[in-house]
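Below: the structure, in structure tokens.
The values are calculated or read from the model by the stated rules, or taken from the named source; none is laboratory data. Values in this document were obtained by computation on a predicted structure and should not be read as measured data. In this analysis, Cβ positions are derived from the backbone assuming ideal geometry, glycine residues included, and neighbour counts consider all displayed protein chains. In case anyone asks, the SASA skips ligands and DNA or RNA and just uses the protein heavy atoms, side chains included. Shrake-Rupley method; radii C 1.70, N 1.55, O 1.52, S 1.80 Å.
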Amino acid sequence: FKLAKQIGDLLAQEDVDGVVVTHGTDTMEETALFLDLVEPRGKPVVLTGSMRPSTATSADGPLNLLEAIMVAASPDARGRGTLVVLNDTIHGAVDVTKTSTTSVQTFRSPNVGALGHVSQNGVSFFRSAQEDADDTIYKLPANPPLPPVAIIYAHAGMNPDVVKDAIEDGAKGLVLAGVGDGNASKATIEALAEAVK
């Protein structure tokens, strides 16, 4: 809530062309998606981080930060929502995922590919901003927190009581992280249908 408000306040200023947020990589994709859903699409919001510490022989943080600033300052980044920039690559918040705990090329957009590339020659986007446009912006409640949502992980032999347990623990929403094509056992699907009621 604080980060979204601060970014919104900065973006409202005439002398601000974009915002760069440095962020740990473990939860960067979640924060990027959250910001993409609550910040207006206009001036860019760019998240970046590093996979190697500053003490490493080939630390990636300084270049990632420079490239994130280049993207945030680029007029071509306007209207694309929140972006993630690491390792010379630009990703959209909706598509990006972290794929490795150690590789510098960990962030990928497996379903649609990267949005663009950054180099010493500048910022290049592979698609127009209109192709990526989704102008739906969600208004945050006046005060935190957001309602609690539980993630139910499907697996062989799972006990469907986890659905009931999540609701009893106060979950106001459930997400099924299913197997295969979003599947779960028949008993779990039935428990979820009952929870919806």
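Quick one: in segment 114-128, of everything that is part of a loop (DSSP other than H, G, I, E, B) and not hydrophobic (A, V, I, L, M, F, W, C), which residue is nearest to LEU65 (Cα to Cα)?
Here the answer is GLN120.
Given (1) aliphatic (A, V, I, L, M); (2) under 19 Å from LYS43 (Cβ atoms); (3) surrounded by 17 or more Cβ atoms within 10 Å (Cβ to Cβ), where does ALA73 come up short, assuming only one miss?
(3)
Can LEU33 be described as under 26 Å from THR136 (Cα atoms) and touching a residue at least 24 places away in the same chain (Cβ under 8 Å)?
Yes, satisfied.
Enumerate the pairs (first residue in segment 184-197 and under 14 Å from ALA166 (Cβ atoms) and touching a residue at least 40 places away in the same chain (Cβ under 8 Å); second residue anywhere and open to solvent by less than 100 Å² (accessible area, probe 1.4 Å) and of a type outside the set (Asp, Glu)) with beta-carbon separation below 6 Å, excluding pairs fewer than 6 apart on the same chain, so at least 6 apart or on different chains.
Going by the 6 Å Cβ cut-off, the qualifying pairs are LEU192/VAL163.
Considering ALA171, ALA187, ALA150, which residue is part of a loop (DSSP other than H, G, I, E, B) and either out of contact with any Cys (no Cβ under 8 Å at 6 or more places or on another chain) or of a type in the set (Ser, Thr, Tyr) (or both)?
Among ALA171, ALA187, ALA150, only ALA171 is part of a loop (DSSP other than H, G, I, E, B) and either out of contact with any Cys (no Cβ under 8 Å at 6 or more places or on another chain) or of a type in the set (Ser, Thr, Tyr) (or both).
Taking only segment 4-32 into account, find how many residues are in contact with a strand residue (DSSP E or B) (Cβ under 8 Å, 6 or more places away or on another chain) and under 21 Å from MET70 (Cα atoms).
The number of residues fulfilling the criteria is 14.
Which residue is nearest to ASP76 (Cα to Cα), if the candidates are limited to segment 88-133 and must be touching a residue at least 60 places away in the same chain (Cβ under 8 Å) and open to solvent by 30 Å² or more (accessible area, probe 1.4 Å)?
If we take residues in segment 88-133 being touching a residue at least 60 places away in the same chain (Cβ under 8 Å) and open to solvent by 30 Å² or more (accessible area, probe 1.4 Å), then ALA133 is nearest to ASP76 (Cα to Cα).
Quick test of your reading of the structure: THR57 fulfils all but one of (1) free of Cβ contacts under 8 Å to residues at least 40 places away in the same chain; (2) of a type in the set (S, T, N, Q); (3) touching a strand residue (DSSP E or B) at 6+ places or on another chain (Cβ under 9 Å); (4) surrounded by fewer than 18 Cβ atoms within 10 Å (Cβ to Cβ). Name the failing condition by number.
THR57 satisfies every listed condition except (3).
Looking only at residues in segment 2-54 that are part of a helix (DSSP H, G or I) and β-branched (Val, Ile, Thr), which one is least open to solvent (accessible area, probe 1.4 Å)?
Across segment 2-54, the extreme among qualifying residues is ILE7.
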